[in-house]
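Student: Below you'll find the structure I mean.
The values are calculated or read from the model by the stated rules, or taken from the named source; none is laboratory data. Small disclaimer: the values here were computed from a predicted structure and weren't measured. Virtual Cβ from ideal backbone geometry, glycine too; neighbours counted across all protein chains shown.
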Amino acid sequence: MPKLQPAVASMSRRGRGRRVATTLSEINVVPLVDVMLVLLIIFMVTAPMIQRGIDVNLPVARRSNPIVGERVEVTVPLSYRQNHSVYLGKELLPADVLQERVRQKMETAAKKEVYLRGDGGVQLQELAEITDRLTAAGVETVGLVTKMPGER
């Protein structure tokens, strides 16, 4: 509510008997809250779209055990025949460099295990080449990653 100040005894300004002084003592936070809610909704919708992995059509197996803990994954995409590139985690690298990179990771790892994810269209010979490179890098166990029949 505006504050009224008493009129001055000598009117220096004609026409105004009283001055109305308003002070802004509160900040309006409604627009800020509106903007924040809109940003929250945008991030909630886009976050699942950003976290996409590598598209690989895994083979189906009836019996498979879930993998727990930290793991080193090598993914062989369907395009391996053309460019001889594989993924170590999410990093794309040539198959020739794979052996050295895995060897470096295995130096500090307690379990010398690597999980091999191969596209369903990749030939067994190509998976065998990658497995040979992994065993030459010092990997003791190579596990094949599959999916359950109803899994996407």
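Student: Considering only the range 106-152, state which residues are polar (S, T, N, Q) and more than 14 Å from Leu88 (Cα to Cα). Before you say what the answer is, go through the steps one by one.
Tutor: Initial filter on the range 106-152 (polar (S, T, N, Q)): 108, 123, 125, 131, 135, 141, 146.
Thr108, Gln123, Gln125, Thr135, Thr141, Thr146 - these are the residues of the range 106-152 that are polar (S, T, N, Q) and more than 14 Å from Leu88 (Cα to Cα).
Student: Also, quick follow-up: Counting just the residues of the range 88-127 that are under 21 Å from Thr146 (Cα atoms) and of a type in the set (Lys, Arg), which one comes out surrounded by the most Cβ atoms within 10 Å (Cβ to Cβ)?
Tutor: So, considering only residues that are under 21 Å from Thr146 (Cα atoms) and of a type in the set (Lys, Arg), the one surrounded by the most Cβ atoms within 10 Å (Cβ to Cβ) is Arg117.
Student: Could you tell me which of the residues Ser79, Ser85 is in contact with a strand residue (DSSP E or B) (Cβ under 6 Å, 6 or more places away or on another chain) and either within 26 Å of Val60 (Cβ to Cβ) or surrounded by 14 or more Cβ atoms within 10 Å (Cβ to Cβ) (or both)? So that I can check it myself, show each step before the final result.
Tutor: On the way: Ser79 fails: in contact with a strand residue (DSSP E or B) (Cβ under 6 Å, 6 or more places away or on another chain).
Being in contact with a strand residue (DSSP E or B) (Cβ under 6 Å, 6 or more places away or on another chain) and either within 26 Å of Val60 (Cβ to Cβ) or surrounded by 14 or more Cβ atoms within 10 Å (Cβ to Cβ) (or both) holds for just one of Ser79, Ser85, which is Ser85.
Student: Among the residues of the range 120-147, write down those that are modelled with pLDDT of 85 or more, within 27 Å of the chain's Cα centre (by Cα) and either closer than 19 Å to Asp55 by Cβ or of a type in the set (S, T, N, Q) (or both).
Tutor: Within the range 120-147, Gly121, Val122, Ile130 meet the criteria.
Student: Do the conditions hold for Ala95, that is, is it aliphatic (A, V, I, L, M), over 14 Å from Asp119 (Cβ atoms) and modelled with pLDDT of 85 or more?
Tutor: Working: aliphatic (A, V, I, L, M): yes; over 14 Å from Asp119 (Cβ atoms): yes; modelled with pLDDT of 85 or more: yes.
When the stated conditions are applied, Ala95 passes them.
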